[in-house]
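Trainee: There's a structure below that I have some questions on.
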Amino acid sequence: MSRIQTVFSALKANNKKALIPYITAGDPHPKHTVNLMHTLASSGADMIELGIPFSDPMADGPVIQRASERALVHKVGLRKVLDMVQEFRQKDTKTPIILMGYANPIEAMGMEKFTQAAKAAGVDGVLTVDYPPEECKDFIAALQVSGMDSIFLLSPTSDAARVDLIVNQASGFLYYVSLKGVTGAANLDIEEVKARVAAIRTKTDLPIGVGFGVKDAATARKVAAIADAVVVGSRVVVAIEQSSEDNLLSNISQLMAELRTAIDA
Amino acid sequence: MQLYDMPDARGHFGQFGGIFVAETLVEALEELRVMYEKYRHDPEFLAEFAYDLKHFVGRPSPVYFAERWTKRVGGAQIYLKREDLNHTGAHKVNNTIGQALLAKRMGKPRVIAETGAGQHGVATATIAARLGLECVVYMGAEDVKRQAPNVFRMKLLGATVIPVESGSKTLKDALNEAMRDWVTNISNTFYIIGTVAGPHPYPMMVRDFQSVIGIEAKQQMLEMVGRQPDAVVACVGGGSNAMGIFYPYIDVPNVRLIGVEAAGHGLETGMHAAPLTANSPVGVLHGNRTYLMQDSDGNIIETHSISAGLDYPGVGPEHAWLKDIKRAEYVAITDDEAMAAFHNLCRTEGIIPALESSHALAHAEKMARTMRKDEIILVNLSGRGDKDINTVAKLSNITL
Ligand SMILES: Cc1ncc(COP(=O)(O)O)c(C=O)c1O
């Protein structure tokens, strides 16, 4: 069983939902990333989504764009991101790591080289934002061969035929984008999310995560009542942005504790 | 018969093109693809498009024999396809009219656009005003500074211009921002992309709308000289004016197609915008796969060109394909060479060309010198240079 599956089964057995925070690798500075990951894991995260910095993050709002820019100042590319995962794995062999990023850095490294290096570093799943399933059959196959999951987005505009197509390519879990917009936008409609998640459930046994618009503990709680996992990105990145070196880790663990409490309530 | 039949159903030109977008945009692109397929051969739609091109844009644009310039250069005869004479001053308007008419049929009351030099923004604002559509234009903050007259023109036409402060603050970042707007406002918004880039169906659709340039030119050359040119030359930013004039010539044998990229300070300096000529690696950006200027981590690198309209790190996927199959050739012209050609055309022909188009002119000069006097070069003069007078004045330390 993969790490992602193990975590979801254990949560299910305890009637709990997964909390998946997102951070961009190298933000606010590469020296903090591994510590941040350990802090996330020890303060309530069940899995970690680790963003690969990219110069042109087309699907991200201003908060995560700025995180990419901060990381790129320190030239944090995909190789360095994988080094960080490897370092994290020396102390934590349980928390699943999902890389989230754009196709070009992966293609620049080369698909085969990437899948080998990611597996060796201890990556569990990959979400490539601008790879719809039609355009990445080889990549899905390569990930599968090396035992990593292909995480795909589903959106409020995905029709039934697309949901069918995507659930058949996906593994690990499905990531439902809770709004029409970029990461960090404000307009999550919980009733719509509920209906959409229910519709997706009729087509798959994979766990369903919801993200893109989870801005506070109250929303996290509502989403947890509907979905198997709550993904919190911009809110975490804002906390990183607003922290100083001294209170970075404590601020993040406090935010995680709040979210955890809300989700478990 | 058209032998060349590209792209495939999902917008692939060989390994290039395609649809590389987040899931949140997939349905919007599918809706657009279906609507474009419905209307691209619809006689009523095409008649309306043709009417606007004739009565609003002033087409057909003439082909002009640049006789004095030809004599001065001393070689092949140089003809100019005068897209500079279009309403709004460049080829961009051909495409914005096509897409705006489609937006209207799709019932979208709001159009958005990205712009570099501001020509596409002006052309979009123009047709939006005429059709009564709300218009928002994204423009890199750097370009807002260097293309101030066009920013003012857009505002006069009732558009909202939003300076984009992210990334390199140029065309590519404006495109990112427009995509973000689109994904947020999908239900009421049509995104009018200004070049043959972006995800399918944009590269094909923009090419089709711009191919009026080549269709006219073929007929005009026959009428004027009784034959087709030996070479067709056009500048390449994203590549829309070049695709527009190349496309109808792809199946015509013995017509060389030459795309001219911006060599900026020189290819060897790295400060350029010439992904094809500099053999940049293949990558994925803005929804398609193409040749891309990037670093070893796959991040897009900053480009340089004196002309904002050529300052783009990628190139339309069909050009990548035409390069690979060797149907078109690609070269690059430096800032200085383009400036020299700019002045030459001003002084010998009484035409102030756009700095973008000056790259094509500069290469035509070079080629003409190596060719016989009975040979013919057709240059796509993609736009007029009024928008560039501040840039040119600044180079001579003149304040206007
Ligand atoms: C006059 C003119 N020519 C050429 C271009 C480059 O675009 P494309 O390569 O799509 O024709 C521009 C872009 O702004 C332009 O304004």
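The values are calculated or read from the model by the stated rules, or taken from the named source; none is laboratory data. Worth saying up front: this structure is predicted, and the values here are computed from it rather than measured. With ideal geometry, Cβ positions are generated from the backbone for all residues, glycine too; neighbour counts draw on all protein chains shown. Side chains are part of the model used for accessible areas, which takes the heavy atoms of the whole protein and leaves out ligands, DNA and RNA. Shrake-Rupley method; radii C 1.70, N 1.55, O 1.52, S 1.80 Å.
Trainee: Go over the candidates B:24, B:70 one by one and state the one that is in contact with a strand residue (DSSP E or B) (Cβ under 9 Å, 6 or more places away or on another chain) and outside the structural domain of residue B:232 (by TED's automatic domain parsing). Write out each step before concluding.
Mentor: Details: B:70 fails: outside the structural domain of residue B:232 (by TED's automatic domain parsing).
Being in contact with a strand residue (DSSP E or B) (Cβ under 9 Å, 6 or more places away or on another chain) and outside the structural domain of residue B:232 (by TED's automatic domain parsing) holds for just one of B:24, B:70, which is B:24.
Trainee: Of all residues in region A:240-265, how many are closer than 20 Å to residue A:68 by Cβ, over 17 Å from the mean Cα position of the chain (by Cα) and crowded, with 18+ Cβ neighbours inside 10 Å?
Mentor: 1
Trainee: Further question on the same structure: In this structure, is residue B:47 outside any strand (DSSP E or B), free of Cβ contacts under 8 Å to residues at least 60 places away in the same chain and more than 16 Å from the ligand (Cβ to nearest atom)? Please lay out each step first, then the result.
Mentor: Numbers: outside any strand (DSSP E or B): yes; free of Cβ contacts under 8 Å to residues at least 60 places away in the same chain: yes; more than 16 Å from the ligand (Cβ to nearest atom): yes.
Here the answer is yes, as residue B:47 does meet what is asked.
Trainee: Looking at region A:217-229, is at least one residue in a loop (DSSP other than H, G, I, E, B) and surrounded by fewer than 17 Cβ atoms within 10 Å (Cβ to Cβ)?
Mentor: Taking region A:217-229 as the starting set, the residues that turn out to be in a loop (DSSP other than H, G, I, E, B) are A:225-228.
Add one more test, that the residue is surrounded by fewer than 17 Cβ atoms within 10 Å (Cβ to Cβ), and what stays is A:225.
Looking for residues that are in a loop (DSSP other than H, G, I, E, B) and surrounded by fewer than 17 Cβ atoms within 10 Å (Cβ to Cβ), one finds at least one in region A:217-229, hence yes.
Trainee: Please find, within region B:293-317, the residue that is farthest from the other protein chains (Cβ to nearest Cβ) out of those that are open to solvent by 30 Å² or more (accessible area, probe 1.4 Å) and under 23 Å from residue B:148 (Cα atoms).
Mentor: B:304
Trainee: Of A:61, A:51, A:44, which residue is of a type outside the set (A, V, I, L, M), closer than 24 Å to residue B:294 by Cβ and surrounded by fewer than 24 Cβ atoms within 10 Å (Cβ to Cβ)?
Mentor: Selected residue: A:61, the only one of A:61, A:51, A:44 that is of a type outside the set (A, V, I, L, M), closer than 24 Å to residue B:294 by Cβ and surrounded by fewer than 24 Cβ atoms within 10 Å (Cβ to Cβ).
Trainee: Looking at this structure, is residue B:290 farther than 20 Å from residue B:94 by Cβ, within 14 Å of chain A (Cβ to nearest Cβ), open to solvent by 10 Å² or more (accessible area, probe 1.4 Å) and within 16 Å of the ligand (Cβ to nearest atom)?
Mentor: On the way: farther than 20 Å from residue B:94 by Cβ: yes; within 14 Å of chain A (Cβ to nearest Cβ): yes; open to solvent by 10 Å² or more (accessible area, probe 1.4 Å): no; within 16 Å of the ligand (Cβ to nearest atom): yes.
No, not satisfied.
Trainee: Right, something else. Any residue at all in region A:178-192 that's open to solvent by less than 10 Å² (accessible area, probe 1.4 Å) and at pLDDT 95 or above? Outline the logic, then answer.
Mentor: Going residue by residue through region A:178-192, those that are open to solvent by less than 10 Å² (accessible area, probe 1.4 Å) are A:178-179, A:181.
Then drop every residue that is not at pLDDT 95 or above, which leaves none.
Checked against the condition, which is being open to solvent by less than 10 Å² (accessible area, probe 1.4 Å) and at pLDDT 95 or above, region A:178-192 yields no hits at all.
Trainee: Let me ask you something else. Specify which of the listed residues (B:384, B:369, B:327) is within 13 Å of the ligand (Cβ to nearest atom), of a type in the set (Lys, Arg), away from every other protein chain (no Cβ under 14 Å) and surrounded by fewer than 22 Cβ atoms within 10 Å (Cβ to Cβ).
Mentor: Checking each option against the conditions leaves just B:384.
Each row is one residue, and each column tells you yes or no for (1) small (Gly, Ala, Ser); (2) away from the ligand (no atom under 11 Å from the Cβ); (3) buried (at least 23 other Cβ atoms within 10 Å of the Cβ).
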position: B:68; (1), (2), (3): no, yes, no
position: B:78; (1), (2), (3): no, yes, yes
position: B:87; (1), (2), (3): no, yes, no
position: B:95; (1), (2), (3): no, no, yes
position: B:109; (1), (2), (3): no, yes, no
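Trainee: I need a count of the residues in region B:154-198 that are within 16 Å of the chain's Cα centre (by Cα), within 14 Å of chain A (Cβ to nearest Cβ) and modelled with pLDDT of 95 or more.
Mentor: 5
Trainee: Next question. Filtering region B:372-381 down to residues that are of a type outside the set (Val, Ile, Thr) and not in a loop (DSSP other than H, G, I, E, B), which residue is farthest from the ligand (Cβ to nearest atom)? Talk me through it step by step, then tell me what you get.
Mentor: Of the residues in region B:372-381, the ones of a type outside the set (Val, Ile, Thr) are B:372-375, B:378, B:380-381.
Checking which are not in a loop (DSSP other than H, G, I, E, B) leaves us with B:378, B:380-381.
Working: B:378: 16, B:380: 8, B:381: 9 Å.
Among those that are of a type outside the set (Val, Ile, Thr) and not in a loop (DSSP other than H, G, I, E, B), it is B:378.
Trainee: I would also like to ask the following. With respect to residue A:200, determine if the residue is within 14 Å of chain B (Cβ to nearest Cβ), touching a Phe, Trp or Tyr at 6+ places or on another chain (Cβ under 6 Å) and among the β-branched types (Val, Ile, Thr).
Mentor: Working: within 14 Å of chain B (Cβ to nearest Cβ): yes; touching a Phe, Trp or Tyr at 6+ places or on another chain (Cβ under 6 Å): no; among the β-branched types (Val, Ile, Thr): yes.
Considered against the rule, which asks whether it is within 14 Å of chain B (Cβ to nearest Cβ), touching a Phe, Trp or Tyr at 6+ places or on another chain (Cβ under 6 Å) and among the β-branched types (Val, Ile, Thr), residue A:200 comes out as no.
Trainee: Kindly indicate whether any position in region B:259-266 is open to solvent by 20 Å² or more (accessible area, probe 1.4 Å) and either in contact with a Cys (Cβ under 6 Å, 6 or more places away or on another chain) or in the same structural domain as residue B:332 (by TED's automatic domain parsing) (or both). Spell out the reasoning first.
Mentor: Within region B:259-266, the first condition is being open to solvent by 20 Å² or more (accessible area, probe 1.4 Å), and the residues that meet it are B:265.
Cutting the leftovers down to either in contact with a Cys (Cβ under 6 Å, 6 or more places away or on another chain) or in the same structural domain as residue B:332 (by TED's automatic domain parsing) (or both) gives us B:265.
So far as region B:259-266 goes, yes, one or more of its residues are open to solvent by 20 Å² or more (accessible area, probe 1.4 Å) and either in contact with a Cys (Cβ under 6 Å, 6 or more places away or on another chain) or in the same structural domain as residue B:332 (by TED's automatic domain parsing) (or both).
Trainee: Hey, another quick one. Against the condition away from the ligand (no atom under 14 Å from the Cβ), touching a strand residue (DSSP E or B) at 6+ places or on another chain (Cβ under 7 Å) and at pLDDT 95 or above, how does residue B:296 come out, does it pass?
Mentor: Details: away from the ligand (no atom under 14 Å from the Cβ): yes; touching a strand residue (DSSP E or B) at 6+ places or on another chain (Cβ under 7 Å): no; at pLDDT 95 or above: yes.
It is false that residue B:296 is away from the ligand (no atom under 14 Å from the Cβ), touching a strand residue (DSSP E or B) at 6+ places or on another chain (Cβ under 7 Å) and at pLDDT 95 or above.
Trainee: Mind checking which residues of region B:263-283 are in contact with a Ser or Thr (Cβ under 8 Å, 6 or more places away or on another chain) and within 14 Å of another protein chain (Cβ to nearest Cβ)?
Mentor: Of everything in region B:263-283, those that are in contact with a Ser or Thr (Cβ under 8 Å, 6 or more places away or on another chain) and within 14 Å of another protein chain (Cβ to nearest Cβ) turn out to be B:275, B:282, B:283.
Trainee: Would you check which residues across region A:75-106 are part of a helix (DSSP H, G or I) and in contact with a strand residue (DSSP E or B) (Cβ under 6 Å, 6 or more places away or on another chain) and list them? Don't jump to the end; show me each part of the working.
Mentor: Our first condition is that a residue be part of a helix (DSSP H, G or I); within region A:75-106, this holds for A:78-89, A:103-106.
The answer is A:85, A:103, A:104.
Trainee: Tell me which residues, restricted to region B:196-239, are outside any helix (DSSP H, G or I), within 13 Å of the ligand (Cβ to nearest atom) and at negative phi. Before you say what the answer is, go through the steps one by one.
Mentor: Pass one, region B:196-239, residues outside any helix (DSSP H, G or I): B:196-201, B:211, B:226-239.
Then keep just the ones that are within 13 Å of the ligand (Cβ to nearest atom); that gives B:196-198, B:211, B:233-239.
Scanning region B:196-239 gives B:196, B:197, B:211, B:233, B:234, B:235, B:236, B:237, B:238.
Trainee: Among the candidates B:362, B:320, single out the residue that is open to solvent by less than 30 Å² (accessible area, probe 1.4 Å) and either touching a Ser or Thr at 6+ places or on another chain (Cβ under 6 Å) or not assigned by TED's automatic domain parsing to the domain that holds residue B:255 (or both). Can you show your working first?
Mentor: Values: B:362 fails: either touching a Ser or Thr at 6+ places or on another chain (Cβ under 6 Å) or not assigned by TED's automatic domain parsing to the domain that holds residue B:255 (or both).
On inspection, the qualifying residue turns out to be B:320.
Trainee: Mind telling me which of the residues A:108, A:161, A:103 ends up being open to solvent by less than 20 Å² (accessible area, probe 1.4 Å) and either more than 17 Å from the chain's Cα centre (by Cα) or not aromatic (Phe, Trp, Tyr) (or both)? Don't jump to the end; show me each part of the working.
Mentor: Working: A:108 fails: open to solvent by less than 20 Å² (accessible area, probe 1.4 Å); A:161 fails: open to solvent by less than 20 Å² (accessible area, probe 1.4 Å).
Result of the check over A:108, A:161, A:103: A:103.
Trainee: Can you say whether residue B:355 is surrounded by 24 or more Cβ atoms within 10 Å (Cβ to Cβ), away from chain A (no Cβ under 14 Å), within 16 Å of the ligand (Cβ to nearest atom) and more than 22 Å from residue B:145 (Cα to Cα), as far as the supplied structure shows? Full working, then the answer.
Mentor: Working: surrounded by 24 or more Cβ atoms within 10 Å (Cβ to Cβ): yes; away from chain A (no Cβ under 14 Å): yes; within 16 Å of the ligand (Cβ to nearest atom): yes; more than 22 Å from residue B:145 (Cα to Cα): no.
Answer is no for this residue.
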